[in-house]
Amino acid sequence: MQNRFGIKDFLLLVLVGAVLVSVWLSMSAGDRRLEVLQGLERRLSDVETQLFTGGGTGGGGDLAKEIAALRQAILERPVNVIIQGGGQVAAATTGIATATTPAASAPSGGSGGRDESWARPGVKIAWQKPWEFVSPPTDVPGFRAGGEFTEIFGAQPAKLVPYLSTDVYGRRVIDEVADSLAGYDPATLELRGRLASAWQEDPDGLWLRVRIRDDAVFSDGKPVTAEDVRWTLQDYVFNPQIEAERARSTLGMIQDVKVVDDKTVEFTFDKAMFTNLSYSMGIYVLPKHFYSQFEPSEINQSTGLLMGSGGFKIEGLDPDRQWTPGEDVVLVRNDRFWGPRSPLERLRYKTVTNDLARLVSYRNDEGDMITPTSPQFNAAREEGDWEDENWSLQWVNMRSGYSFIAWQCGPRQGRLTPFHDERVRQGMTMILDRERMIRDIWDGIGVVSTGPNNPESPTANPDVEAWPYDPERAAALFKEAGWEDRNGDGVLENEDGQEFQFELTMSTGGEIVEQITSYVRNQCTRAGIRCSIRLVDWSIFADLLKQRDFDALMMGWSASAPESDPRQIWHSESILDQGDNFIQWANEDADSLIDRIRATLDTGERMDLWHEFHSVVHESQPYTFIRVSPWLRFVKGDIGNVNTYKAGLDRTEFFRAGQMVTQPGS
Amino acid sequence: MAAYIARRLFVMIPTLIGITLLVFLLIALSPGGIGASLRVSGGEMEASKAAQLEAYLEDRYGLDDPVLVQYVRWLGRISPVKFGTRAQISPSGEIIRTPKALDGFFLSKDWFADLELGEEARARLATLPPPGPLLDGEQAVAEHRAASRDYMEARADYIAANQFLEEAVVRYARETGIADAVDAEGEPVEGVLTDHRPETAAPSWAPVQAAALATLEAYEAAVVARNRLQRAFDAKPYPEVGVPVLPGVLSLGPPDFGVAFSRGRPVVDLIAAALPVTILLNLIAIPVIYLVAIPTGMLAAVRRGGWWDIASGALFVALWSVPTVWAGVLAIGYLANEQYLGWFPVSGLHDKAAEDYLFLPTWGENGFAPGYLLDLLWHLVLPVTCLVYAGFAVLAKQTRAAMLDNLSADYVRTARAKGVPARTVILRHVFRNSLLPLITMFVSVFPAMLAGSVVIERIFSIPGMGSLIIEAINLRDRELILANTLMIAFVNLFALLLADILYAFADPRVSYD
């Protein structure tokens, strides 16, 4: 027999190969660890030498000075919340801090004789109190500092670069790291200074002068200056080589940014608009010294170049080792943060794409917070001990959007639909029992929407009540508008004998669509209206919107701020030029209100206009407003100080307690 | 043989072009078209701003060009043979090409052919920096950097002005009632408008005139900036890419797959991140399928009609008919859920602390530490199980059928008759001869290795090729889809060639000479 290559030899070869490969891999893994260690040692010794030599070269000297200043501060000040939190963590990460001193407002920024030399004379200055926790974690029983908090995302953020990241998950991470000049107060939704200690607004709305806090520093210790603000806008956002087109379009109203002095910056606007203040105060301030060392193309293609002055910082700023999608995002507390420091030492964000797997991961203690689906939310709460071990949170906040059925108020392909008549639209709303829809279709999660303004926002008119479910009144309205059953076949007709029929367009996806369409069709049939359903893919749906080629359609708007410009959706001028007034609703009262809202800078006055606008939209019912979708969250019971605010959740307030601290019920 | 292989390789080029063109046309003609994801309106942005944003993005990614031009441009970039001036490469890896050409603005050849700029505008244009001298070294780099920013700014201004002009024309056309001048999406139709002479007396003509003047000025400014950039580029601030064949006309260079606009990252990076994950999964799954299915099929053929044949057949077909989505969800719900068994991890490929693990498992002071390798394998159990279980049936049945064909052949009876041991008959004679259909099946493995499984990757949160491709298709990401298509088509064609060569080795009757 000749000696042939058999299966046994093959297996042997494979085995030997596998052993060799694994030996090689383990050696390279060892090498990598060694390299990391060496790198750490080198950096440590660098820091040490810089510290001992007094630091002639920038960074080290700053560090030494900073530590000295911190020591001094600790010695001089009475024990105060901020120092306590930070100091605890530095000393022993698991130490239990005894919260004996009440949260005194930190007297920083020279509250006595305020320095007004930076301001334009004669214009009111809006002085800002330093940003504080709404609910200081140290006041909560069971407080402990330290630990890691893990949130499980449903999708991977594509990149974590400020202004280039466009998804909601990326924004959530960046919000913790990159700070802005001002933010919405979580409880009251007022715009309050973060990096800004004060600002001055032109009574005519054409400029805005901002004073930056003296103690604000980036996570590497360099101070935040006016030049950083100017650079962020002029050389980053407005630099056409940076792929920040979206931010560029929203901030397009900023004509110029001038550095007045080291800590004062002035924006000039092309026209007075109420959004100017919140948009320009909402920008992330980026460190010029960090980002300017990269070419625009490097920034465009980077995935994790993220540095700012917020309460957390990202590990690994080395451009060759930056975060890439697929890894967990890990943020560590920025101990140089000027503001209220989070008791948590690290935030971790991991991604689990499948709904069920996400819940299982959460149950397996692989994460501390998830966004459950509505059925998951209800099912879990029915478990006996769920509420004892978890926070089940459900609340409406400023980011809650609303869903609606939009009626075509203008012509579709040259022909008017029945919905051009306000009475018909009101009637349509009244034949749909929105409370029941929420109960049956959305598992009882949600509240009936009354109009375009988020109910938590001060823009919402509390006096507007949703139209009742009243088919009889609806029938009367239809009759008034000329629609009644003239030939006794159960279907409404108008004078010309045309039947009342329309097509409801929805974008495909999910079983909810099925339930909604069958409910709407059912209700229409009862009222004597023929309703046909058209399901289309999202991309076609978007085209239909642009072409205004539909009778009625269902979709939702989401919100990102308590107040946003209503013109794009509601003004009659947005019917032209592919604006989002795709229902072609033209209402003179609304138009004039929108124009006045946009030009009114006084908040109180503007809110009155908003309320009026809310009523006008309610009366005319261009949309049937269905449901405001609340946020749903599960948070582990051993996380303390979990509060639901109008602005969302404040992760920096959370702490990791040793035992369950939930007070069930939300 | 060599001639045959060469011929096949040569035919591959038009085939690849055909495949990518077909896929490209499919994306381009689908609703929404290329880059549909970029055109999502926010509802908060003013319409004119949203349109402007769209125009910027279209310009950045060349989406405003005709479909075929886009395809040819893509082909030019990925082709190793390049025409024209060679591109340059900056130290950060950015490929720098000749500055983009400037198209004339809307109706510039027609309505506004003899538009003249005013004195003031001329004076403003005169202040713009003209093309500088040919610099070299650091200065050339600095000049190129400044000039390219200037040009991009000027180009953006020009695009915005052009957009504004189009809007003014739309209003004018609506007001004067030119039929069909505005399409269903509210965009002006140039062909219809050129046939009209503008009525300069109409009240909405003045804004059109003003917008056209502004656009002309922006255009002239962009031309100046472009000339300056062209000069800066000609100074060759960076090293050139590739090898010249005919200088200035023809050169060889590496293919450039471009940037995936749905994620703003180079396509090569995205594939390099996703591909190893998919290959790893398949490298484990495919051998498992073969090692289980082929022996089972052989045994089933040898004991045809026996309990093994029937039981394995029934089991495999049963497994084959279980949907992966369902199996995956069950696996997570029961095997990974600590409320039930909790044996396996739910998602991902590594433990969160895996970066700090040693590679191999160790027994130390703190007891057993699994190490990186074991951790990875442990994470792979559920996804690999879901990948393989449905694959057994086809392969086992295929093996069984091929074996049965040969078992009843004359040469087998002869071999048995002359006293060759049954083992040898089956392994040496029958199995070798049954390999032919298995080879056909085997080559299809290679493209499958790269493609990944959308369902399994979604369920187990594995960032592999499947999710990458499906997302690319959903977002109509031209670059990413084409690169994927090209890669899979290439591997497919190559696998087919390999199969044909293997035939010749497995079966002496097959010859290509």
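Contact map, the stretch B:498-513: first residue exposed (fewer than 15 other Cβ atoms within 10 Å of the Cβ), second residue assigned to a loop (DSSP other than H, G, I, E, B) and of a type in the set (S, T, N, Q), Cβ cut-off under 6 Å, separation 6 or more or different chains; the map is empty.
In the stretch B:49-98, what count of residues is obtained for those that are of a type in the set (Phe, Trp, Tyr), closer than 21 Å to A:ILE299 by Cα and not in a loop (DSSP other than H, G, I, E, B)?
Taking the stretch B:49-98 as the starting set, the residues that turn out to be of a type in the set (Phe, Trp, Tyr) are B:56, B:61, B:71, B:74, B:83.
Narrowing the set further to residues that are closer than 21 Å to A:ILE299 by Cα leaves B:56, B:61.
Filter again for not in a loop (DSSP other than H, G, I, E, B), leaving B:56.
Within the stretch B:49-98, residues that are of a type in the set (Phe, Trp, Tyr), closer than 21 Å to A:ILE299 by Cα and not in a loop (DSSP other than H, G, I, E, B) number 1.
Taking the stretch A:164-183 as the range and being buried (at least 23 other Cβ atoms within 10 Å of the Cβ) and out of contact with any strand residue (DSSP E or B) (no Cβ under 6 Å at 6 or more places or on another chain) as the test, the residues that pass are A:LEU164, A:GLY170, A:ASP179.
Give me the helices (runs of 4 or more DSSP H) completely within the stretch B:115-201, filtered to those with at least 3 residues that are more than 27 Å from B:LEU229 (Cβ to Cβ) and not aromatic (Phe, Trp, Tyr), ordered by residue number. Working first, answer last.
Details: elements: B:119-126, B:138-176, B:190-194.
In the stretch B:115-201, the matching helices (runs of 4 or more DSSP H) lie at B:138-176, B:190-194.
When you scan the stretch B:296-331, how many residues do you find that are surrounded by 13 or more Cβ atoms within 10 Å (Cβ to Cβ) and within 14 Å of chain A (Cβ to nearest Cβ)? Residues in the stretch B:296-331 being surrounded by 13 or more Cβ atoms within 10 Å (Cβ to Cβ) and within 14 Å of chain A (Cβ to nearest Cβ): 8 in total. Of B:ALA211, B:ALA146, B:ALA173, B:ALA121, all but one fail to be in the same structural domain as B:GLU54 (by TED's automatic domain parsing), surrounded by 12 or more Cβ atoms within 10 Å (Cβ to Cβ) and within 39 Å of the chain's Cα centre (by Cα); the exception is B:ALA146.
Taking the stretch A:306-330 as the range and being under 22 Å from the mean Cα position of the chain (by Cα) and more than 14 Å from every other protein chain (Cβ to nearest Cβ) as the test, the residues that pass are A:LEU306, A:MET307, A:GLY308, A:SER309, A:GLY310, A:GLY311, A:PHE312, A:LYS313, A:ILE314. Scanning the stretch A:526-544 for residues that are in contact with an Asp or Glu (Cβ under 8 Å, 6 or more places away or on another chain) and either within 28 Å of B:PRO31 (Cα to Cα) or facing another protein chain (nearest Cβ under 8 Å) (or both) returns A:CYS531, A:SER532, A:ILE533, A:ARG534, A:ASP543.
Cβ-Cβ distances below 9 Å connect the following pairs, each with a first residue in the stretch B:91-114 that is within 14 Å of chain A (Cβ to nearest Cβ), a second residue that is modelled with pLDDT of 85 or more and assigned to a strand (DSSP E or B), and a separation of six or more residues or different chains: B:GLY93/B:PRO266; B:ILE95/B:GLN88; B:ILE95/B:ILE89; B:ILE96/B:GLN88; B:ILE96/B:ILE89; B:ARG97/B:GLN88.
I'm trying to understand the selection: among the residues of the stretch A:586-596, which are away from chain B (no Cβ under 14 Å) and either closer than 22 Å to A:PHE419 by Cα or buried (at least 20 other Cβ atoms within 10 Å of the Cβ) (or both)? Talk me through it step by step, then tell me what you get.
At the first step, the residues of the stretch A:586-596 found to be away from chain B (no Cβ under 14 Å) are A:586-593, A:596.
Result: A:ALA586, A:ASN587, A:GLU588, A:ASP589, A:ALA590, A:ASP591, A:LEU593.
Quick check: anything in the stretch B:338-355 at pLDDT 85 or above and closer than 18 Å to B:PRO463 by Cβ? Scanning the stretch B:338-355 turns up no residue that is at pLDDT 85 or above and closer than 18 Å to B:PRO463 by Cβ.
In the stretch A:561-575, what count of residues is obtained for those that are without any contact (Cβ under 8 Å) to a residue 12 or more places away in the chain and more than 10 Å from chain B (Cβ to nearest Cβ)? Count: 0. Looking across B:LEU380, B:LEU374, B:LEU319, B:LEU330, one residue alone is out of contact with any Asp or Glu (no Cβ under 8 Å at 6 or more places or on another chain), modelled with pLDDT under 85 and in a helix (DSSP H, G or I). It is B:LEU374.
This table checks each residue for (1) within 14 Å of chain B (Cβ to nearest Cβ); (2) in a loop (DSSP other than H, G, I, E, B); (3) in contact with a helix residue (DSSP H, G or I) (Cβ under 7 Å, 6 or more places away or on another chain); (4) not aromatic (Phe, Trp, Tyr).
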| residue | (1), (2), (3), (4) |
| --- | --- |
| A:ASN461 | no, yes, yes, yes |
| A:LYS479 | no, no, no, yes |
| A:ASP489 | no, yes, no, yes |
| A:PHE502 | no, no, yes, no |
| A:ILE512 | no, no, yes, yes |
| A:GLN515 | no, no, yes, yes |
| A:LYS546 | yes, no, no, yes |
| A:GLY556 | yes, no, no, yes |
| A:ALA559 | yes, yes, no, yes |
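Please work out if B:PHE106 is buried (at least 19 other Cβ atoms within 10 Å of the Cβ), closer than 27 Å to B:TYR61 by Cα and in contact with an Asp or Glu (Cβ under 6 Å, 6 or more places away or on another chain). Break it down stepwise before answering.
Details: buried (at least 19 other Cβ atoms within 10 Å of the Cβ): yes; closer than 27 Å to B:TYR61 by Cα: yes; in contact with an Asp or Glu (Cβ under 6 Å, 6 or more places away or on another chain): yes.
It is true that B:PHE106 is buried (at least 19 other Cβ atoms within 10 Å of the Cβ), closer than 27 Å to B:TYR61 by Cα and in contact with an Asp or Glu (Cβ under 6 Å, 6 or more places away or on another chain).
Candidates are the residues of the stretch B:421-476 that are within 13 Å of chain A (Cβ to nearest Cβ) and at positive phi; the one that is farthest from the chain's Cα centre (by Cα) is B:SER461. Buried (at least 21 other Cβ atoms within 10 Å of the Cβ), more than 24 Å from A:ARG521 (Cα to Cα) and of a type outside the set (Gly, Ala, Ser) - does that describe any residue in the stretch A:534-552? Scanning the stretch A:534-552 turns up no residue that is buried (at least 21 other Cβ atoms within 10 Å of the Cβ), more than 24 Å from A:ARG521 (Cα to Cα) and of a type outside the set (Gly, Ala, Ser). Within the stretch B:96-139, the only residue that satisfies the criterion of being within 22 Å of B:PHE233 (Cα to Cα), touching a Ser or Thr at 6+ places or on another chain (Cβ under 9 Å) and among the aliphatic types (A, V, I, L, M) is B:ILE96. Kindly indicate the residue of the stretch A:355-391 that is over 20 Å from the mean Cα position of the chain (by Cα) and assigned to a strand (DSSP E or B) and also surrounded by the fewest Cβ atoms within 10 Å (Cβ to Cβ) among those meeting that condition. Ranking the candidates gives A:TRP391 first. Per the conditions (1) facing another protein chain (nearest Cβ under 9 Å); (2) more than 12 Å from the chain's Cα centre (by Cα); (3) assigned to a loop (DSSP other than H, G, I, E, B), the sole criterion not satisfied by B:PRO254 is (1).
The values are calculated or read from the model by the stated rules, or taken from the named source; none is laboratory data. All of these numbers come straight from a predicted model, not from anything done at the bench. Cβ sites come from the backbone with ideal geometry, for glycine too, and all protein chains shown count toward neighbours.
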